[in-house]
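Chemist: Starting off with a structure, shown below.
The values are calculated or read from the model by the stated rules, or taken from the named source; none is laboratory data. Remember, it's a predicted structure, so these values are computed and weren't measured experimentally. Note that we place each Cβ from the backbone using ideal geometry, even for glycine, and neighbour counts take in every protein chain shown.
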Amino acid sequence: MTLKPLAIALIAASFLTACSITPTKDKNSKEPIIFTEPDTTPPFYALNPFDYAAPPPFELALKQAAAQPVTKMVVTNSANPNEKITLETNRLIIPTINNNQRTMKYAVLAGENEIDITDIDDFLQLVEGKARHYPPRFTERKERKGFEAKLKQVTQELDTLAVRDDASFDILVRAFKASVMARNLDLGSVYTTKSLTYAQRILKINQDDAEANFWFGFGLSEGGGQREAIPYLDKAMKAGVQEAYLSAANNYIALEQKKSAIQILKNYKLKYPQEAAVADRLISEIETQGRWNVWQVLNTPPKAS
């Protein structure tokens, strides 16, 4: 089942600072206490909604950054002004203003009107695996609390940049996705308003952006705007977003349009034959239950035949 974890680089586990951490120390030892961060549990949602068989976009960006030449820089250590450090690893850098296209460069340090987005993208990928859709899927309460605390910080940082009229497309997209997931985590109704505002600004810049249509479509659907969601999910499907089919089927289930939901899943099965078992199971559930949530079905182990 492709909604299970793909290849995941959990290099952002340190983000979850609000999670419980356990000191490990031998009572008879004079070794310093070593704090170990708990590993994150596997994601529920595929980390690449465009193509379940492909690596997540963040991982691809990291590989591209690593493949580029590095221009080393010697800078002052912010933690110790008397110390110099050498930066020699490319980071993911995006513009913060005056750019209406997706633009990323690879450098050791962000310049003027740029931001090193590496850590934020790393964390947002982790959150997507748990909370891209509603309801979010966590098996550990402490882990969820850790995600919530960090997501609040990230949304504040992105909102500060996105509030500008000349905020870049890249900033708006990330602020939008972060707000959707904050809403899914029940962090406050303000995130519903923010996500709507960001989506409208993004689509005003590029009404055909596949990712924006997908996120806005399922966001509307899961927020109660099922009829309004249809054109956006249709655009996302036509643009080749694999998960848009499941979101569209879910949308028609909510509208109690069983035939439309089943037809979407039949189309999904034809386009993605490797997902035939998933499509058949969902179709069977719709036919027998009448009204059912796609993600709830996929979260439930299939009955033994």
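Chemist: Condition (residue is farther than 19 Å from Met104 by Cα, crowded, with 20+ Cβ neighbours inside 10 Å and more than 15 Å from the chain's Cα centre (by Cα)) applied to segment 154-176: is it met by at least one residue?
Modeler: The answer is no, given that none of the residues of segment 154-176 is farther than 19 Å from Met104 by Cα, crowded, with 20+ Cβ neighbours inside 10 Å and more than 15 Å from the chain's Cα centre (by Cα).
Chemist: State yes or no: is Asp165 over 24 Å from Leu47 (Cβ atoms) and at pLDDT 95 or above?
Modeler: Taking the combined requirement at face value, the residue satisfies it.
Chemist: Sticking with this structure for a sec: Is it the case, given these coordinates, that Arg201 is surrounded by fewer than 21 Cβ atoms within 10 Å (Cβ to Cβ), modelled with pLDDT of 95 or more and more than 26 Å from Val154 (Cβ to Cβ)?
Modeler: no
Chemist: Next question, about the same structure. Considering only helices (runs of 4 or more DSSP H) fully contained in segment 168-280, which possess at least 2 residues that are touching a residue at least 40 places away in the same chain (Cβ under 8 Å) and either farther than 25 Å from Phe138 by Cβ or in contact with a helix residue (DSSP H, G or I) (Cβ under 6 Å, 6 or more places away or on another chain) (or both)?
Modeler: 169-184, 210-222, 242-254
Chemist: Quick one: how many residues across segment 64-74 are over 18 Å from Thr86 (Cβ atoms) and surrounded by 12 or more Cβ atoms within 10 Å (Cβ to Cβ)?
Modeler: Of the residues in that region, 1 qualify.
Each row is one residue, and each column tells you yes or no for (1) more than 30 Å from Trp292 (Cα to Cα); (2) surrounded by 21 or more Cβ atoms within 10 Å (Cβ to Cβ).
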{"residue": "Met104", "(1), (2)": "yes, no"}
{"residue": "Ala107", "(1), (2)": "yes, no"}
{"residue": "Phe123", "(1), (2)": "yes, yes"}
{"residue": "Thr139", "(1), (2)": "no, no"}
{"residue": "Val190", "(1), (2)": "no, no"}
